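Report on one structure; see the data block that follows.
We did not get these values from a lab; they are worked out from the coordinates using the rules stated. From a predicted model like this one, the values you see are computed outputs, not experimental measurements. Every residue, glycine among them, receives a Cβ derived from its backbone with ideal geometry; neighbour counts consider all protein chains shown.
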Amino acid sequence: MRNFIIGILVVFLASCATAHEVKILETKPIRIDILCEKPQMCEYNGKDIYLTIRLINTSANTIELPISFLRKSGPIIELVDNKTGRTSSLRRNLVDRGLLNELKTIQPGQHENIDWVISIDEIEQFQQHEIDITLRASISTSIVANHNKENVKADGMIKISGKSINKTN
């Protein structure tokens with residue numbers, strides 16, 4: 001009986017260790033925070049909106065990513081009008097693909113910023129008196145972690161609200 005209980009305990013502990021290891025592998029190594037003048041929202045006042053897209057290393061390991069490429073190409077940005085559901089994907093910049101080989105090391109818990117601007121025209125395209133937009137920013141890139149190259153995708157979002165300068169209803 002004692003050996004039976006010990007056997008069950010060993011199997012249980014082994015399965016817990018395996019489940020824990022799988023969870024670590026599923027954790028995204030990069031998180032995106034989008035910063036504006038207010039923590040959870042950007043206030044639109046008829047001017048371009050300046051954003052900081054913060055890429056945070058959330059893993060326990062040092063990672064390397066092509067930050068110069070990402071800064072020049074910009075993130076993938078989609079604007080969603082929360083009233084109508086209409087979406088608009090913004091253009092990214094064309095960039096020399098050779099920059100993908102210039103990797104920057106980011107320690108666990110550290111971050112790199114990408115500064116980006118959303119223009120008046122990009123916001124006003126929805127032609128609403130009250131601006132109520134969700135901005136989704138994402139990156140899809142290869143990183144190096146533990147000497148292994150892997151493809152990652154990370155995204156974040158923030159609300160943009162305010163009054164339109166073009167619509168007078």
Please compute the net charge surrounding Lys104, taking Lys and Arg as +1 and Asp and Glu as -1 over other residues with Cβ under 9 Å from its Cβ. -3
Using Cα centres only, tell me the gap between the range 54-96 and the range 114-169 in whole Å. 8 Å
Two-site label geometry, Ile76 and Arg91: point separation in nm, points 7 Å out along Cα→Cβ: 1.9 nm
At what distance in nm do the modelled label points of Asp33 and Thr62 sit from each other, each positioned 7 Å from its Cα along Cα→Cβ? 2.3 nm
